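K.L.:
Here it is, the structure, as structure tokens.
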Amino acid sequence: MSSINLLQTKDALSVIDNYPEHVSDKLYVLRQMILDCAEELESVTQLEETLKWGEPSYLAKKGSTIRIDWKPKKPEQYAIYFKCTSKLVETFREIYGETFSYENNRALLFSFDDIIPKPELKECIKAALRYHEVKNEMRLGIAID
């Protein structure tokens with residue numbers, strides 16, 4: 001397990017903190033999963049936590065941006081977003097099928113009563129954090145049983 005340098009801006013956390021409590025609780029779970037995944041990857045030594053498009057965003061040097069957010073226009077769901085021009089969500093759909101709900105090539109969607117499939121989501125997050133290392137590997141290097 002590595003020790004990452006987390007470059008933080010207060011703005012990202014303040015966005016989460018300004019949502020209703022049931023929303024911020026879920027986003028903090030996603031945030032912690034992203035931090036845990038970064039810690040588990042030896043190739044990730046630094047993780048930037050910032051705002052992109054007004055959403056809490058996470059980026060490792062050789063990774064693709066991960067964003068987490070909730071939209072008042074769709075109050076029944078929250079999401080983890082990936083760069084839509086990457087092969088990430090397309091590959092997640094190929095590997096995990098109905099394990100997740102998807103929004104096109106850009107997001108995994110969750111409702112508030114969902115039980116998050118943590119092992120599978122951690123593999124998705126790790127693939128995004130290492131995207132430029134694994135983008136040419138079959139299934140982005142995600143092992144399937």
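The values are calculated or read from the model by the stated rules, or taken from the named source; none is laboratory data. Quick caveat: nothing in here was measured; it's all calculated off a predicted structure. Here Cβ is always computed from backbone atoms with ideal geometry, including for glycine, and neighbour counts include all displayed protein chains.
K.L.:
Restricting to region 100-110, name every residue that is surrounded by 14 or more Cβ atoms within 10 Å (Cβ to Cβ) and either more than 14 Å from the chain's Cα centre (by Cα) or small (Gly, Ala, Ser) (or both). Step through it out loud before you land on a result.
P.N.:
Applying the first criterion (surrounded by 14 or more Cβ atoms within 10 Å (Cβ to Cβ)) to region 100-110 yields 100, 102-103, 105-110.
Once the filter is applied, which keeps residues that are surrounded by 14 or more Cβ atoms within 10 Å (Cβ to Cβ) and either more than 14 Å from the chain's Cα centre (by Cα) or small (Gly, Ala, Ser) (or both), region 100-110 yields only ALA107.
K.L.:
So which residues in region 128-145 are part of a loop (DSSP other than H, G, I, E, B) and either surrounded by 10 or more Cβ atoms within 10 Å (Cβ to Cβ) or at positive phi (or both)? Steps first, answer last, please.
P.N.:
Residues of region 128-145 that are part of a loop (DSSP other than H, G, I, E, B), as a first pass: 130, 135-137, 142-145.
Across region 128-145, the qualifying residues are ARG130, LYS135, GLU137, ILE142.
K.L.:
Return the total of residues in region 1-60 being under 12 Å from the mean Cα position of the chain (by Cα), assigned to a helix (DSSP H, G or I) and surrounded by 12 or more Cβ atoms within 10 Å (Cβ to Cβ).
P.N.:
Within region 1-60, residues that are under 12 Å from the mean Cα position of the chain (by Cα), assigned to a helix (DSSP H, G or I) and surrounded by 12 or more Cβ atoms within 10 Å (Cβ to Cβ) number 11.
K.L.:
Given the structure, is SER86 in contact with a helix residue (DSSP H, G or I) (Cβ under 9 Å, 6 or more places away or on another chain), over 20 Å from ARG139 (Cα atoms), polar (S, T, N, Q) and surrounded by 13 or more Cβ atoms within 10 Å (Cβ to Cβ)?
P.N.:
no
K.L.:
Right, next: Of all the residues that make up region 1-53, how many are under 15 Å from THR65 (Cα atoms) and among the charged types (D, E, K, R)? Before the answer, list the steps.
P.N.:
Narrowing region 1-53 to residues under 15 Å from THR65 (Cα atoms): 6-8, 12, 30-31, 33-35, 37-38, 44, 46-53.
Checking which are among the charged types (D, E, K, R) leaves us with 31, 48-49, 52.
Qualifying residue count for the region: 4.
K.L.:
Write out, first by first residue and then by second, each pair whose Cβ atoms fall under 6 Å of each other, whose residues are 6+ apart or on separate chains, and whose first residue, in region 80-97, is in contact (Cβ under 8 Å) with a residue 12 or more places away in the chain and closer than 21 Å to LYS26 by Cα while the second is in a helix (DSSP H, G or I) and β-branched (Val, Ile, Thr).
P.N.:
Note: pairs meeting the criteria are PHE82/VAL89.
K.L.:
Sticking with this one: Looking at (1) part of a helix (DSSP H, G or I); (2) surrounded by fewer than 13 Cβ atoms within 10 Å (Cβ to Cβ), which is the one condition that is false for ASP113?
P.N.:
(1)
K.L.:
Please indicate, with yes or no, whether at least one residue in region 76-83 is charged (D, E, K, R) and under 18 Å from PHE100 (Cβ atoms).
P.N.:
Yes, that holds for at least one residue.
K.L.:
To continue, here is another question. Within the set of pairs 6+ apart or on separate chains, which have a first residue in region 117-145 that is in contact (Cβ under 8 Å) with a residue 60 or more places away in the chain, a second that is among the basic types (Lys, Arg), and C-beta atoms under 6 Å apart?
P.N.:
HIS132/LYS62; GLU133/LYS62
K.L.:
Residue by residue through region 73-87, note down the ones that are of a type in the set (Val, Ile, Thr) and either closer than 11 Å to GLU55 by Cβ or modelled with pLDDT of 95 or more (or both).
P.N.:
From region 73-87, those of a type in the set (Val, Ile, Thr) are 80, 85; that's our starting set.
The answer is ILE80, and nothing else.
K.L.:
Now for a different question. Tell me, yes or no, whether region 12-23 has at least one residue that is at pLDDT below 95 and in contact with an Asp or Glu (Cβ under 6 Å, 6 or more places away or on another chain).
P.N.:
Yes, there is a match, as at least one residue in region 12-23 is at pLDDT below 95 and in contact with an Asp or Glu (Cβ under 6 Å, 6 or more places away or on another chain).
K.L.:
Shifting gears a bit: Taking the conditions exactly as written (among the small types (Gly, Ala, Ser) and closer than 21 Å to ARG139 by Cβ), does SER57 satisfy them or not?
P.N.:
No, not satisfied.
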